[in-house]
Structure formats: C-alpha cells, structure tokens
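Heads up, the thing below is written out as structure tokens.
The values are calculated or read from the model by the stated rules, or taken from the named source; none is laboratory data. A quick note: this is a predicted structure, and the numbers were derived from the prediction, not measured. Cβ placement follows ideal geometry from the backbone for every residue including glycine, while neighbour counts extend to all protein chains displayed. Please note that ligands, DNA and RNA were not included when accessible areas were found on the heavy atoms of the full protein model with its side chains. Shrake-Rupley method; radii C 1.70, N 1.55, O 1.52, S 1.80 Å.
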Amino acid sequence: MNKIIDEGKIFSLIEETKDYTISEVHNIINKALRKEGLSIKDVATLLNVDDPGLVVEIKSAAKKIKEDIYGKRIVIFAPLYVTNECINDCLYCGFRRSNTELVRKTLSLDELKRETQLLTRMGHKRVLLVCGEHPKYANADFVVEAIKTVYSANDGKNEIRRINVNLAPLEVEDFKKIKATGIGTYQEFQETYHRETYKKMHPSGPKSDYDYRITAFERAFEAGIDDLGAGVLFGLFDHKFETLALISHCHYLEKKIGVGPHTISIPRIEPALNAPAANTVPYPMSDDEFMKLVAIIRLAVPYTGIILSTRETTELRAKLIHLGVSQVSAGSKTDPGGYDAAEKDLATKQQFALGDFRTLDQVIYDLSKNGFIPSFCTGCYRLGRTGIDFMAITKPGLIQQYCQPNALVTFKEYLMDYASDRTRKAGEELIKKELDDFADKNGKEQTLEMLKKLENGERDIFC
Ligand code: SAM
Ligand code: SF4
C-alpha cells in the first residue's frame, strides 16, 4: 500500500485548524498572493474559514492571482467520447457495467472521423478524448488508432491541433504507445482519495485497485508524458478531505518527479442513468462551498490550470471563471456519436447529464461580452514547452509573452472562420481593446504581425 496520501494527517489538520485566527488567514492569503503556493496546513485553514468577510477576501485573492498569471484568457476544448463500453462498475457512472439499460456504442474509425469533423467545423481545435475501460474496446492499441484518426481528420482549415486524453491507468509500455501519437495531457481523476470510500464506489473491475490508479502519473511520466491532469469527483466524500488529498498529491508529484500536475479538474457528480451514487450524492456540496473550494485551489497551486466542464450550469460557470478557472469545455456531449444531430437516443448512451447546453458560439459570445479572451492555442505543447519546461517558463510570468499573442490570434482565427455575426462583432471589439491595452510593446508588435498573416489567409499561427 503506497503512502502518497496520509489520511490520518489530513483528518487531524482539518480538526486542528478549526480555531483559526483572522491574522492567520490574512498571513495565508498574503503568502498566496506572493504566488508561492500553500502548505497543506494553510489549505486546511482556508477550507475551515466560514466568516463571510474572509471568504470574500479569499475569492478576491484568487481573482487577483488568476488575472496576474492567466490574464483574461480562457482555453476552450470539447470532450470526444469514443466508447461507452466499460468493465468497471463505478457506482456514480452511467457507463458502469451493471447498467444494462445503457445503449453501448463504440465508434468505428469512420464514425470517429465524422464526429471529429463535426467538432472542427464548429471551430474546436482542442479535444479531450474519453473512453470507458475495456480490454477489447478501449485497449492501448485501439486508443492509438483513435488518436491518429482524430489528428488526421482535418478537412481544409478545420483540424484538431491538440488531443488530451482521459483514460484508465496503463502500464508504462502502453503509456509509451499513447505518448508516441503526440498527445498533450494525460488526464486521470482519482475520484476519491479516501480509501474506504474508494473501495465502496468501485466494487469490481480493474478500477477497484486504488494504488494502481494513484500511481498512474508516475508510470505516465516514466513513459515520457509530462503534462498530467489530476482531479477529484466531488460529492463522493467530504470535500475538505478531498481537496487536501488532491493538493498533497500535487506536492508529492512535485517532489517525486519534479513537476506537479499541469491541470486540475473539478468535476461534481451529475445525475446518471442507473448510477446510485449519482442519483443520491453521498456528500453533496453547495455552490457556495464549491466556489470557495475553487478559489482555494487557485491560491494553493497558482500555476496549475483549473478545468471546468459543462457539468456545471451556465450561471455558475460565469462566476467560477473569475475565481481561478483557466480552461472550459463548450458545446459538449458525453455520449459516443453525440455531436451528430442525427443521433436519436442520446439520453440512453450518455455518461451523465449536463448543466450547460450552450453551443460553442454562444459560449464564445458570452465570454467575449464579459471581457474574457477565448483561446484555442496549442502553441506550448507543439513547441515542446511542457512539463518542467512549461513550469520554468510559467513561474516567472514569462508565459504572458506567448499566451497573450497566441490567445488573441487563435481567437481571431475562430472569429474569421466560424463565428456568428454577433460573436464576431463582440470578439473584434474585445481584440481591439486588448491591443490598445497591451502592456508589452514587443508583444503587441508580434501580435499585430501574426494578425496580419491571418488576414492574408495564413492559418495556425503561433509563437
Ligand atoms: N473510464 C476512465 C476512468 O474512469 O478513469 C476514463 C474516463 S471517465 C469516462 C471520465 C470521468 O467522468 C471519471 O473519471 C469521473 O470522474 C467522471 N464521472 C463519472 N461519472 C460521473 C457523474 N455521474 N457525474 C460527473 N462526472 C462523472
Ligand atoms: Fe467506467 Fe470510467 Fe465510468 Fe467508471 S467512471 S464506469 S471506469 S467509464
């Protein structure tokens, strides 16, 4: 049994920090504002803060850190489900083996190509490939073929430029095969870091092995995958425990392999067909608690991206992007073949129900109207700025030099090629404003040059 998560220590820290003082909280917020990250004890203290005034201070600090590091950029992606076949029986998931009402579907490579093209014609450039776990329908060789199909499904200007994957843990040799296809991030959520709950929620199948799952990032790293995406499925156990365990896992990886997760995902359980733990959530968390928690994660690991999916409602997503979220999915479907409007029986194929039903164009419009720059950038990963290299660039804030120009240029590319008239208008106004406000003279010139190339018909421009 590995010792990555010290449950006893986490429980005692939650108890010990209940009698926090205002000055302790202020010290922690100030430390966070210096972007040094926080200790587990600091995080426990913040999680215990219930004074409304102090909660507002935590949220304001998260907003400030987010703006300093990420500016107004929000990276956009869509999930792409390849199969809903699964041999596990996770109590919260619609794909679980014992859900006999689910209509099982594995996309053929032709169907996958078509599904990819439906996404690229909307304007998507980044996808998250998602599969159930199955030795036949989702083994490493199958996933390799799927990734190659998605990368090669470009028709003209429409193309996927970065594929991240959310897959069951693999052996090093299999991770190597996946790495060789040119993926971005390997994403895997521990679901719950609490062993006893983990056991209950995963009664059978390979996923019932807690240790095999929690050590997956080390195997992926050994295979050369250095962009790792961690996460918790909130609602399975106490959210304070889970957040502390998640941050402990990040600290552990930083020590062990020299780099923490590139991203953290924050899914909350949504209703799902024949999934008892999704329909009666064991540890429900209010929206207010959730917002505070996201702000605390932003303070604790300032340089780690936070990913928010369409599980959450439009209204809550609009609030959360101020508190530290740096990537959002848009226009998502959680069933294989779901982007094809001709598909009829979506509800019986999907993994869980969604909270945000806006199209990609509506999401882009809303972000632009609120002053956020939607980014389809894939520059860092394609230029090898990943893992430790990415952190080395990010930490001193140099990323602004690349991210801001790349965000504006990929946003403009979206506006030119895919946007509705109202979105184009809102977006053009925002780009103009951002160019006027550009702090760095060289950055502005570089951006203007890249924008000119776009106007002249070039595509896929990045620095
Ligand atoms: N099957 C693989 C696995 O479990 O690792 C890969 C991806 S699984 C399809 C993607 C994620 O969906 C899971 O890790 C889990 O956190 C999340 N999920 C499952 N059921 C959910 C539900 N009812 N509501 C929200 N998220 C859910
Ligand atoms: Fe299968 Fe993943 Fe769903 Fe569990 S969460 S049933 S492993 S698809």
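Over all Cα atoms in the chain, the spread is summed up by Rg and Dmax: 21.2, 62 Å. Annotation: per residue accessible area for the chain equals 39 Å², rounded to a whole number [probe 1.4 Å, protein chains only]. Checking the cross-link pairs LYS105/LYS369; LYS333/LYS441; LYS63/LYS433 against a 30 Å limit on the alpha carbon distance flags LYS105/LYS369; LYS333/LYS441 as lying beyond it. Oblate is the label for the range 423-463. Its Cα gyration tensor axes, ordered a ≥ b ≥ c, give a/c of at least 1.5 and b/c at or above a/b.
Dividing the alpha-carbon radius of gyration of the range 12-78 by the rule-of-thumb value 2.2 N^0.38 Å gives 1.25. Working from Cα pairs under 8 Å separated by at least six residues, relative contact order for the range 310-375 is 41 percent. Every pair of different Cα atoms in the range 107-224 enters the Kirkwood calculation, which places the hydrodynamic radius at 15.3 Å.
For the range 306-365, the set of trypsin sites (Lys or Arg not before Pro) satisfying both a DSSP loop assignment and a count of at most 10 other C-beta atoms within 10 Å is given as LYS344. Isolated cysteines of the chain, defined as having no other cysteine beta carbon under 4.7 Å away, are CYS86, CYS131, CYS250, CYS377, CYS380, CYS403, CYS463.
Centroid-to-centroid, using Cα positions, the range 283-317 and the range 157-180 are 26 Å apart.
The residue list GLY184, GLY231, TYR92 was ranked by how far each Cα lies along the charge dipole of the range 67-357 toward its positive end, using unit charges on Cβ atoms, and GLY184 comes out on top. Relative to the 2.2 N^0.38 Å rule of thumb, the range 38-160 has a C-alpha radius of gyration ratio of 1.52. Under a model in which nothing but the beta-carbon of Lys, Arg (+1) and Asp, Glu (-1) is charged, the chain shows a dipole of about 700 debye around its Cα centre. Percent relative contact order of the chain, based on C-alpha pairs within less than 8 angstrom and at least six residues apart? This gives 20 percent for the chain.
If a/c stays under 1.5 just call it rounded; otherwise compare a/b with b/c (prolate if a/b is bigger, oblate if not). Do that for the range 234-375, with a ≥ b ≥ c from the square roots of the Cα gyration tensor eigenvalues. Here the range 234-375 falls in the oblate category. Computed 3J(HN,Hα) for the range 252-268, one whole-Hz value per residue from the Karplus formula 6.51 cos²θ - 1.76 cosθ + 1.60 where θ = phi - 60°, is 4, 5, 4, 6, 6, 10, x, 8, x, x, 6, 9, 10, 9, 10, x, 10, glycine and proline marked x.
The helix-only estimate of mean residue ellipticity at 222 nm for the chain, built from DSSP H runs of length n ≥ 4 each weighted as -39500 (n - 2.57), is -14500 deg cm²/dmol after division by the residue total.
State the antiparallel share, in %, of DSSP beta bridges confined to the chain, rounding to the nearest 5. So the antiparallel bridges amount to about 5 percent of the total. Here the range 395-455 is treated as a Stokes sphere of Kirkwood radius computed over C-alpha pairs; at 37 °C and 0.692 mPa s its diffusion coefficient rounds to 274 µm²/s. Would you mind checking LYS3/LYS207; LYS157/LYS452; LYS179/LYS444; LYS66/LYS432 for any pair whose Cα atoms are more than 26 angstrom apart? Flagged as over cut-off: LYS179/LYS444.
Bridge orientation summary for the range 178-324: considering DSSP beta bridges with both residues in this region, about 0 percent are antiparallel.
The Cβ shell under 13 Å around TYR252 holds other residues with a net charge of +1, Lys and Arg each +1, Asp and Glu each -1.
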